[in-house]
Amino acid sequence: MAATKKASTKAASRKVKDRWKAKEWYKIYAPRMFNQAQLGETPSADSTNLIGRTTEATVHDINGDFSKMHVKLKFKVMDVTGFDVHTVFIGQDLTSDYIRRLTRRKRTKTDHVIDVRTKDGYLIRVKPMSITDKRIQSSQETALRRIMDDEMRKMGDEKTISEIVKAIIDGEMARRLGTVCKVIVPIKRVEIRKTEVLEMGSEPQDQPVFAPEPVPEPIPEPDLVEEPVGEPVEEVAAEPEQ
């Protein structure tokens with residue numbers, strides 16, 4: 001009986017090893033809006049199994065900005081060419097520890113959910129949050145949500161999906177929302193807590209969010225100046241001393 005169990009265990013381990021041998025490694029790339037930065041690698045025995053998988057990366061992973069380590073970007077695999085996996089942007093999120101650091105006592109954190117249609121046809125769900133200097137009433141929270149809703153719809157009419165993502169990452173969207181909200185109550189901070197792409201638009205995600213890294217110009221090699229070759233100098237024999 002023990003010998004039978006040992007044989008079945010060896011067969012099972014052999015099958016696991018064989019499955020790993022059949023897998024290939026594929027490189028995952030961000031869409032053109034993120035300069036097709038490499039997000040990582042993943043193994044798979046069949047490239048069709050990669051379609052629909054999701055992956056995450058921080059802004060720091062993509063462009064090296066340490067101040068944006070708390071901003072996570074989400075991507076979904078849409079196409080596989082050879083061993084290259086191409087993705088599309090499907091959302092953004094903030095790390096939980098960053099959100100916890102923003103909340104303090106005697107303040108009010110107001111969460112909101114807004115569905116926005118962008119200029120190029122993408123339907124995105126934006127979830128901003130505002131933090132006030134002091135506690136506010138529920139009627140003031142309702143007014144904040146209403147004015148945020150109007151401002152976000154204006155931004156959707158003005159901007160494409162790439163411009164919206166850029167506004168989230170560089171803080172432009174939070175600043176605009178904070179400016180309009182100050183009419184209601186003093187605002188300590190506004191953050192875009194989460195973003196989801198509900199419907200894809202008609203245009204591809206090609207417009208760059210980050211400026212592409214400049215290509216260094218080749219350093220020209222110094223010109224080699226050949227010394228002019230003069231006429232040979234005749235050697236004059238020294239006169240003998242007397």
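Observations, loosely collected:
- Meets criteria (surrounded by 14 or more Cβ atoms within 10 Å (Cβ to Cβ), on the phi > 0 side of the Ramachandran plot and out of contact with any strand residue (DSSP E or B) (no Cβ under 8 Å at 6 or more places or on another chain)) for G171: yes
- Test: residue in region 137-152 that is in contact with a Ser or Thr (Cβ under 9 Å, 6 or more places away or on another chain), touching a residue at least 12 places away in the same chain (Cβ under 8 Å), more than 25 Å from I62 (Cα to Cα) and of a type in the set (S, T, N, Q): yes
- Test: residue in region 95-103 that is among the basic types (K, R) and in the same structural domain as A143 (by TED's automatic domain parsing): yes
- Test: residue in region 192-199 that is surrounded by fewer than 17 Cβ atoms within 10 Å (Cβ to Cβ) and out of contact with any strand residue (DSSP E or B) (no Cβ under 7 Å at 6 or more places or on another chain): no
The values are calculated or read from the model by the stated rules, or taken from the named source; none is laboratory data. Just so you know, these numbers come straight off a predicted model, no measurement behind them. Positions of Cβ are backbone-derived with ideal geometry, glycine not excepted, and every protein chain shown enters the neighbour counts.
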